[in-house]
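J.: My questions will all concern the structure given below.
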Amino acid sequence: MSTSINSLATDVGNKAAKGANSDITSLAGITTPLSKTQGGTGSNSPFGTAADTFCQGNDSRLNTVAGKTGGQITSIVDVTGNVSVRRRTAAEPSSGTALTGFPIESIHNIAGVDRAIASLVGNYTWGQTNAFGTFNVALYNAQGGFVRGASYTFDGGGSATAPGQWVNNADERIKTNIQRITDPLDKMMQLRGVSWDRLDGYAGGLGFIAQDVQKVFPGSVYEGQNRTLTDGTVVEGVLGVDTSGVAAALHHEAILALMSRIDDLEKQIDILHSGS
């Protein structure tokens, strides 16, 4: 038996001498790791965090992208959890410094040129009492030249502004059950035009009260989310109003009703004048 084992060891050593690594002439006497030129690692402890070391399959670093510097992903990325795009600074800036976070962007690129871009960005000027976010859209030509674009601002006070107009769909082709507002003057009397201060910390304003509108035009009042007041009280299902729609339609019909009354009065005056 011992003769057979010795013969096998000799054969294995001879086969190693005939392999691709010609610098290995025999397996006999190998007590250290093979060098990298010999196809090995050159290390007794090949796993670690330093250069020339490996990650094991259960290495916790494989569970995160922390420390990576980026690159291009060419397929869908499905994230379960929050996604943050964060710009970091080491210290507070001086008053008046404009701060802008990294944008979240949606871009269509054609032949290496970004042509259609939409982005959402957080902005703040250090020292002010309000921050705001901007939603930006832009179109570029094939040479990368700016064609058209705009920025829509949503501030921390709850207001939104646009460089153009907020436009509502008004096409008759997408509507049904179109009816003129009846008794517009009576309905006008049921609505109060008021000013107000807010109980939730936001800026005051002007307009209608939702509960007033709900009595006259219930379809123009919408229930939203809960709102917490500054004293901690929670108001459930805060009501919102289509103010522009109610005001435009009601005021228009009320003016027409007044014009009709004026016409009737003018006719009566003419009759009185002719009788004198």
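The values are calculated or read from the model by the stated rules, or taken from the named source; none is laboratory data. Keep in mind it's a predicted model, so treat the numbers as computed, not measured. Quick reminder, even Gly has a Cβ in these numbers, built from the backbone with ideal geometry, and neighbours come from all protein chains shown.
J.: Can you tell me which residue among V213, V221 is aliphatic (A, V, I, L, M), touching a strand residue (DSSP E or B) at 6+ places or on another chain (Cβ under 8 Å), surrounded by 12 or more Cβ atoms within 10 Å (Cβ to Cβ) and under 20 Å from S159 (Cα atoms)? Give the steps one after another, and end with the answer.
T.: Working: V213 fails: under 20 Å from S159 (Cα atoms).
Checking each option against the conditions leaves just V221.
J.: May I pose another question? In the range 135-160, which residues are assigned to a strand (DSSP E or B) and either outside the structural domain of A116 (by TED's automatic domain parsing) or among the small types (G, A, S) (or both)? Walk me through it before giving the result.
T.: We begin by selecting, within the range 135-160, every residue assigned to a strand (DSSP E or B); these are 135-140, 146-155, 160.
Matches in the range 135-160: A138, G149, A150, S151, A160.
J.: Could you tell me whether the range 65-75 includes any residue that is on the phi < 0 side of the Ramachandran plot, surrounded by 10 or more Cβ atoms within 10 Å (Cβ to Cβ), at pLDDT below 90 and part of a loop (DSSP other than H, G, I, E, B)? Working first, answer last.
T.: First, pick out the residues of the range 65-75 that are on the phi < 0 side of the Ramachandran plot: 65-66, 68-69, 72-75.
Checking the rest, the ones that are also surrounded by 10 or more Cβ atoms within 10 Å (Cβ to Cβ) come to none.
Looking for residues that are on the phi < 0 side of the Ramachandran plot, surrounded by 10 or more Cβ atoms within 10 Å (Cβ to Cβ), at pLDDT below 90 and part of a loop (DSSP other than H, G, I, E, B), one finds none in the range 65-75, hence no.
J.: From (1) at pLDDT 95 or above; (2) of a type in the set (S, T, N, Q); (3) in a loop (DSSP other than H, G, I, E, B), pick out the condition that doesn't hold for Q214.
T.: If we test Q214 against (1) at pLDDT 95 or above; (2) of a type in the set (S, T, N, Q); (3) in a loop (DSSP other than H, G, I, E, B), just (3) comes out false.
J.: Considering only residues that are in contact (Cβ under 8 Å) with a residue 24 or more places away in the chain and closer than 19 Å to L250 by Cβ, which ones fall in the range 174-205? Full working, then the answer.
T.: Step one: filter the range 174-205 for residues in contact (Cβ under 8 Å) with a residue 24 or more places away in the chain, giving 180-181, 184-185, 187-188, 190-191, 199-203.
R180, I181, P184, L185, K187, M188, Q190, L191 - these are the residues of the range 174-205 that are in contact (Cβ under 8 Å) with a residue 24 or more places away in the chain and closer than 19 Å to L250 by Cβ.
J.: Could I ask something else about it? Is it true that some residue in the range 126-137 is over 22 Å from R87 (Cβ atoms), surrounded by fewer than 11 Cβ atoms within 10 Å (Cβ to Cβ) and modelled with pLDDT under 95?
T.: Quick first cut of the range 126-137, residues over 22 Å from R87 (Cβ atoms) only: none.
No, the range 126-137 contains no residue that is over 22 Å from R87 (Cβ atoms), surrounded by fewer than 11 Cβ atoms within 10 Å (Cβ to Cβ) and modelled with pLDDT under 95.
J.: Taking D200, is it surrounded by 10 or more Cβ atoms within 10 Å (Cβ to Cβ) and either part of a loop (DSSP other than H, G, I, E, B) or not assigned by TED's automatic domain parsing to the domain that holds N130 (or both)? Write out each step before concluding.
T.: On the way: surrounded by 10 or more Cβ atoms within 10 Å (Cβ to Cβ): yes; either part of a loop (DSSP other than H, G, I, E, B) or not assigned by TED's automatic domain parsing to the domain that holds N130 (or both): yes.
For D200, the condition - surrounded by 10 or more Cβ atoms within 10 Å (Cβ to Cβ) and either part of a loop (DSSP other than H, G, I, E, B) or not assigned by TED's automatic domain parsing to the domain that holds N130 (or both) - is met.
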